[in-house]
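Scroll down for the structure; my scribbles are underneath it.
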Amino acid sequence: MIELIVAERCTDCGACIEVCPANVLDPGRGGPPILARVEDCQTCFMCELYCRADAIYVAPDCGRRVAVSEAEVLASGRLGRYRKHSGWDEWAEQFPNEQWLMETVFRRAGEAAAQARAERPAAAKE
Ligand code: SF4
Ligand code: SF4
């Protein structure tokens with residue numbers, strides 16, 4: 001699940017908000033995007049892939065959140081690693097990119113989940 005956004009790296013480009021298929025993020029108020037609905041995160045890594053500032057950390061555990069601090073993530077060298085090793089964007093010439101198809105898969109899954117939520121009877125949403 002998405003765990004954090006490193007504020008000092010974020011350029012406020014909004015790409016992560018736009019690509020998230022599960023609508024997890026909201027625009028920040030003068031700061032990085034807000035992790036508004038983490039429980040909806042699909043651990044798809046799309047936000048990480050599209051963050052050119054390498055500011056987002058998504059932990060591989062898709063069932064629960066893990067306790068990790070900004071300092072730990074910065075020191076770990078994990079920021080941007082998934083993006084790099086996926087051959088995303090500027091890394092396309094150096095690493096094989098096997099993520100492009102998954103983008104469509106996750107987007108469709110997100111759309112289906114949103115539609116199911118919208119069609120759920122009002123009582124079930126409470
Ligand atoms: S990992 Fe996927 S679902 Fe989770 S916040 Fe990032 S883009 Fe959204
Ligand atoms: S994609 Fe990265 S730089 Fe852009 S708003 Fe999201 S966290 Fe900030």
- prompt: Isolated Cys in the chain by the 4.7 Å beta carbon test?
  reply: 10, 13, 20, 41, 44, 51, 62
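How would you rank 44-55, 68-79, 15-26, highest first, on the average number of other Cβ atoms within 10 Å across their residues?
Final packing ranking: 44-55, 15-26, 68-79.
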- prompt: Once the Cα atoms of helix 100-119 and of the chain are each reduced to a long axis, what angle between those two axes, in degrees from 0 to 90 to the nearest 10, is obtained?
  reply: 20
message: Less than 13 Å Cβ to Cβ from residue 43, Lys/Arg counted +1 and Asp/Glu -1: what total charge do the surrounding residues give?
response: -3
task: Sort the following peptides by mean Cβ neighbour count (other Cβ atoms within 10 Å, averaged over residues), highest first: 1-8, 32-39.
output: 1-8, 32-39
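A short reminder: the numbers here are calculations on the coordinates, not readings from a lab. Every value quoted in this text rests on a predicted model; they were computed, and no experiment measured them. For neighbour counting, all protein chains shown are included, and Cβ atoms are generated from backbone atoms with ideal geometry for every residue, glycine included.
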